[in-house]
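Shown next, in structure tokens, is the structure this report addresses.
Just so you know, all these numbers are worked out from the coordinates, no wet-lab data involved. Nothing here was measured: the structure is a model prediction, and the numbers come from that model. Ideal geometry is used to build each Cβ from the backbone, glycine not excepted, and the neighbour counts take in all protein chains shown.
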Amino acid sequence: MSRRERSARRGGRCEAAASAAVECKQEPGLFVPVIDRNRCEGKADCVEVCPYEVFVVTTLPVEQRTGLSFLGRLKGRAHGWQQALTPNAEACHACGLCVKACPESAITLARA
Ligand code: SF4
């Protein structure tokens, strides 16, 4: 699938979200996704559903592992420290698709 097709598909999802009374048309920069590091298992559902390419799944930097709970560290090791990061958080339109899609309920939206 080409980038253009993916973009069109994402746009379709966004419109579907809007029609389902999800605030997809929110201006970017008002909210950002916050990922619970003790919950994220890097399954990448957020990467798939986000219409604005906010997420990547990559290796969690060592400095971001220090505050993890014991269970969080176990999960991190078990999943090769693969977690979702938000390098493009300012593009978030607060549609909520990632919050619904995350199988670990690891994502919330917070005011920027
Ligand atoms: S709420 Fe989630 S899916 Fe929607 S734009 Fe923001 S980061 Fe992307």
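Tell me, please, whether a residue that is within 9 Å of the chain's Cα centre (by Cα) and assigned to a loop (DSSP other than H, G, I, E, B) can be found in the stretch 61-72.
Scanning the stretch 61-72 turns up no residue that is within 9 Å of the chain's Cα centre (by Cα) and assigned to a loop (DSSP other than H, G, I, E, B).
Within the bounds of the stretch 82-98, is there any residue that is touching a helix residue (DSSP H, G or I) at 6+ places or on another chain (Cβ under 9 Å), of a type outside the set (Phe, Trp, Tyr) and assigned to a helix (DSSP H, G or I)?
Checked the stretch 82-98: at least one residue is touching a helix residue (DSSP H, G or I) at 6+ places or on another chain (Cβ under 9 Å), of a type outside the set (Phe, Trp, Tyr) and assigned to a helix (DSSP H, G or I).
Which one of these is crowded, with 18+ Cβ neighbours inside 10 Å and without any contact (Cβ under 8 Å) to a residue 60 or more places away in the chain: GLY76, GLY96, GLY80?
GLY76
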